[in-house]
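Here the structure comes first, spelled out in structure tokens, and everything after it is commentary.
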Amino acid sequence: MWVDDQYIAFDFETSGTLPEYALQPWRVAHNQAWATSLATVRRTATGPIIGGGLLVAEPFTATARYIRELLTTAIEHKLTLVGWNVAFDISWLLAYGFRELVFKCKFLDGMLLWKHLTVTPEYDIDKAHKKSFSLKDAVREFMSDRGGYEEDIDFHSTAPESLAKLHKYNIQDTAYTLWLTRKFYKQLEAEPTRLKAALIEASCLPLVADANLRGLMLDHAALRTLGETLTADAETSLAALAPYGVTEAVVRSPKQLGGLMYGQWGLPVIKQNTSKKTGKVTNSTDKEVLHELAFIDARARTIREYREALGNKTKFVDAPLESINYNSDGCSHPLANVYSTYTGRMSYSSKQGKNKDERQIGFALHQEKRDPTYRAIVVPPQGYTLVEFDAAGQEYRWMAVASKDDAMLQLCLPGEDPHGYMGAQIAREEYHTLLAALKAGDPAAKPKRQLGKLANLSLGYRTSAAKLRTVARVQYDLPMELPEAEYIKNTYLRTYPGVPRYWAEQIAKVRRLGYAETFAGRQVQVVGTWSGADRWSLESTAINFPIQGTGGDQKYLALAVLRPYVVKHGIQFAWELHDGLYFYIPTKLVDKAIAEMKFLLDNLPYTKAWGFTPPVPMPWDCKVGTSWGNLKEVKV
DNA sequence: CTCCCTTGCGCC
DNA sequence: AAAGGGCGCAAGGGAG
């Protein structure tokens, strides 16, 4: 239960040698950014206690004194530190050198609690305009009499009257944060499982703040090699295409490329895009189109290769290099955002600011290609080894749990091979015959399992046969035709009859309740016109949310359980990729640590944390390496 | 010129 | 009628 004197809210105001450096705490170490004000607020029976102070006029030791006072007070009195988007403020605590104390503290984020209460997926065309969860929006919505207090605040002035005003504003921010967090917390108390899911999630905040502050070390030689390869690839493609009127500008413009291919070359238009807003129809030049056109004109294949080389060079070589160049600490800082998708998953951003003012602080970490030559650019710091734990077959397993499908559940038991099973079904073979052939290295067996894997990964969410055919042809380069795709889809539905049953029952349930929930108790509001244009979208949310959302909750539970172990052994949380968690482990500790961490992960306290016991094991795989590109599976 | 929208595509 | 879901980033094109 919420008890006022167990919480203390805090908030930093920050600045730097450039205004935008105020958002980049890794510049503290280089005197390019600093905190200008720290405010702390507690509620007591006799009134609020306000702490902290103005920092910019103070010597550095005073800043440290205020921070130490906050953290030691919190630790001594077992207070939870409350903030708004608090991972940012935790990064500042860490930037000033208080790692040890920070990791002894509990944190809570009012913004995230608000999300837990209100998040709803966006359905309309206007997807870009998502609800804002800023403190100012919360104040406007819940404390309308206090609105406008943020007007005329200068975050960077050093004039005494401006500074006094800034600090007063900071105290207000902090007080509102505490009031709002308290309100949201009490609201969640009525639904204990939802509150618990939020509290487990909150446990990861200092780990995330630490990772955001530290950033990623990149291997310059690997970046150079990748850049040279992609530049050479692009030049080769361009040399082959230039005689036919292709230039870089043409390939980078769908409109110009369409004009060339369909106008001048006379290739057939096989797919069109219709704008949802204007209804305007354009000729598609996407990779599916190029894949199909390649059968009648080899130039289409080269165009696809050219466009890929250009795009990948920009995204995975130029952007990482630019971020290192920008940050001045030799690192790239893709920023992790907790609970930034409606299912609860994290996302990363690689830029701050918008349009002309954008700054390249990181790169598209979540989009890094799987190819080891791309992933090789990320390396652990000196003396550390990179270790990945990934939740084995995460979505397949949660789909098995959600659908209660007998065959799926059975295939989640130790020693089974779901893709081999599905492959055998498709090939009309006996499961164990295929397993034996796979084990014997029979060359005909592997493609059969591959097809099973494709079916298992693609068909769990109402994918059409046409879409399956496209994925098989374009992604896997399998010459599949529609009848075969239909056969595979039917085989899938026959093999796992619980899955279509789950679809129907889950849709009906969510439609009735108005919300969907994960096995951890995280919810999303799903309301709208179930009979209209939004129907498919609403239904898909109903089906998808428990699977993807539980995966997210599983990741937060894993981080919560690993946190004490990681802190105790000097291990650093590096980043996440939905079902994968990456750590830097001191190299001397690796053997012992991976065994112990895997044990913790394989035995996560689902029942205690969620009040739900998965009916099948939820194992984690472990990979170890000296870069993201050379991770090797380790059997622990 | 800036800003917004659309297309295209990378990962899970 | 038919339709996997979730994101973020790059680039051109067009509106103002």
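The values are calculated or read from the model by the stated rules, or taken from the named source; none is laboratory data. What you see is a predicted model, and the numbers here were worked out from it, not measured in a lab. Counting neighbours? That spans all protein chains shown, and the Cβs are built from the backbone with ideal geometry, glycine included.
Restricting to region A:494-526, and then to whatever is among the hydrophobic types (A, V, I, L, M, F, W, C) and surrounded by fewer than 16 Cβ atoms within 10 Å (Cβ to Cβ), can you tell me which residue is nearest to A:D553 (Cα to Cα)? Working first, answer last.
First, the residues of region A:494-526 that are among the hydrophobic types (A, V, I, L, M, F, W, C): A:499, A:503-504, A:507-508, A:510, A:513, A:516, A:519-520, A:524, A:526.
Those still in the list that are surrounded by fewer than 16 Cβ atoms within 10 Å (Cβ to Cβ) too: A:504, A:508, A:513.
Working: A:A504: 24, A:A508: 24, A:L513: 21 Å.
The qualifying residue nearest to A:D553 (Cα to Cα) is A:L513.
Considering only region A:252-333, give the helices (runs of 4 or more DSSP H) lying wholly within it that have at least 1 residues that are of a type in the set (V, I, T).
Because the criterion is at least 1 residues that are of a type in the set (V, I, T), the helices (runs of 4 or more DSSP H) in region A:252-333 that meet it are A:287-293, A:298-313, A:319-327.
Tally the residues that are under 17 Å from the mean Cα position of the chain (by Cα) and either near DNA strand C (Cβ under 7 Å from one of its atoms) or not in a loop (DSSP other than H, G, I, E, B) (or both), restricting the search to region A:359-374.
6
Is it the case that region A:386-402 has a residue that's among the polar types (S, T, N, Q) and either more than 16 Å from DNA strand C (Cβ to nearest atom) or more than 23 Å from the chain's Cα centre (by Cα) (or both)?
no
With in a loop (DSSP other than H, G, I, E, B) and either under 22 Å from the mean Cα position of the chain (by Cα) or within 16 Å of DNA strand B (Cβ to nearest atom) (or both) as the only criterion, which of A:L581, A:L604, A:L557 stands out? First the steps, then the outcome.
On the way: A:L581 fails: in a loop (DSSP other than H, G, I, E, B); A:L557 fails: in a loop (DSSP other than H, G, I, E, B).
On inspection, the qualifying residue turns out to be A:L604.
For region A:330-350, how many residues are among the aromatic types (F, W, Y), at pLDDT 95 or above and within 7 Å of DNA strand C (Cβ to nearest atom)? Break it down into steps so the answer makes sense when it comes.
Pass one, region A:330-350, residues among the aromatic types (F, W, Y): A:339, A:342, A:348.
If we keep only those that are at pLDDT 95 or above as well, we get A:339, A:348.
Right, trim to within 7 Å of DNA strand C (Cβ to nearest atom) and you get A:348.
The total comes to 1.
Could you identify the single residue in A:T529, A:T541, A:T495 that is out of contact with any strand residue (DSSP E or B) (no Cβ under 8 Å at 6 or more places or on another chain) and in contact (Cβ under 8 Å) with a residue 12 or more places away in the chain?
Working: A:T529 fails: in contact (Cβ under 8 Å) with a residue 12 or more places away in the chain; A:T541 fails: out of contact with any strand residue (DSSP E or B) (no Cβ under 8 Å at 6 or more places or on another chain).
None of the other options fit; the residue is A:T495.
Can you pull out every residue in region A:240-273 that is away from DNA strand C (no atom under 13 Å from the Cβ), under 17 Å from A:G311 (Cβ atoms) and β-branched (V, I, T)?
The answer is A:V246, and nothing else.
Give the residue that is farthest from the chain's Cα centre (by Cα), with candidates limited to residues of region A:55-95 that are surrounded by 15 or more Cβ atoms within 10 Å (Cβ to Cβ) and of a type in the set (G, A, S).
Result: A:A64.
Just to be sure, is A:V616 more than 17 Å from A:F389 (Cβ to Cβ), part of a loop (DSSP other than H, G, I, E, B) and among the hydrophobic types (A, V, I, L, M, F, W, C)?
On the way: more than 17 Å from A:F389 (Cβ to Cβ): yes; part of a loop (DSSP other than H, G, I, E, B): yes; among the hydrophobic types (A, V, I, L, M, F, W, C): yes.
Yes; evaluated as a whole, the condition is true for this residue.
With a cut-off of at least 1 residues that are of a type outside the set (V, I, T), more than 24 Å from A:A211 (Cα to Cα) and touching a residue at least 24 places away in the same chain (Cβ under 8 Å), name the helices (runs of 4 or more DSSP H) lying wholly within region A:18-121.
Working: elements: A:60-76, A:86-95, A:99-102, A:110-118.
Output list reads A:110-118.
Any residue that is within 16 Å of DNA strand C (Cβ to nearest atom), more than 29 Å from the chain's Cα centre (by Cα) and surrounded by 14 or more Cβ atoms within 10 Å (Cβ to Cβ) - is there at least one of those in region A:295-304?
To start, the set of residues in region A:295-304 that are within 16 Å of DNA strand C (Cβ to nearest atom) comprises A:303-304.
Narrowing further to those that are more than 29 Å from the chain's Cα centre (by Cα): A:303.
So of that shortlist, the ones also surrounded by 14 or more Cβ atoms within 10 Å (Cβ to Cβ) come out as A:303.
Within region A:295-304, one or more residues are within 16 Å of DNA strand C (Cβ to nearest atom), more than 29 Å from the chain's Cα centre (by Cα) and surrounded by 14 or more Cβ atoms within 10 Å (Cβ to Cβ).
All but one of (1) within 25 Å of A:F103 (Cα to Cα); (2) surrounded by fewer than 18 Cβ atoms within 10 Å (Cβ to Cβ); (3) among the small types (G, A, S) hold for A:A197; state the number of the condition that does not hold.
Evaluating A:A197 over (1) within 25 Å of A:F103 (Cα to Cα); (2) surrounded by fewer than 18 Cβ atoms within 10 Å (Cβ to Cβ); (3) among the small types (G, A, S) leaves (2) as the failure.
Determine, yes or no, whether A:K356 is surrounded by fewer than 15 Cβ atoms within 10 Å (Cβ to Cβ), within 13 Å of DNA strand C (Cβ to nearest atom) and part of a helix (DSSP H, G or I).
Details: surrounded by fewer than 15 Cβ atoms within 10 Å (Cβ to Cβ): yes; within 13 Å of DNA strand C (Cβ to nearest atom): yes; part of a helix (DSSP H, G or I): yes.
In short, yes.
Could you list, in sequence order, the residues of region A:35-84 that are touching a Ser or Thr at 6+ places or on another chain (Cβ under 9 Å), of a type in the set (S, T, N, Q) and more than 26 Å from A:L113 (Cβ to Cβ)?
Residue satisfying the conditions is A:T36 alone.
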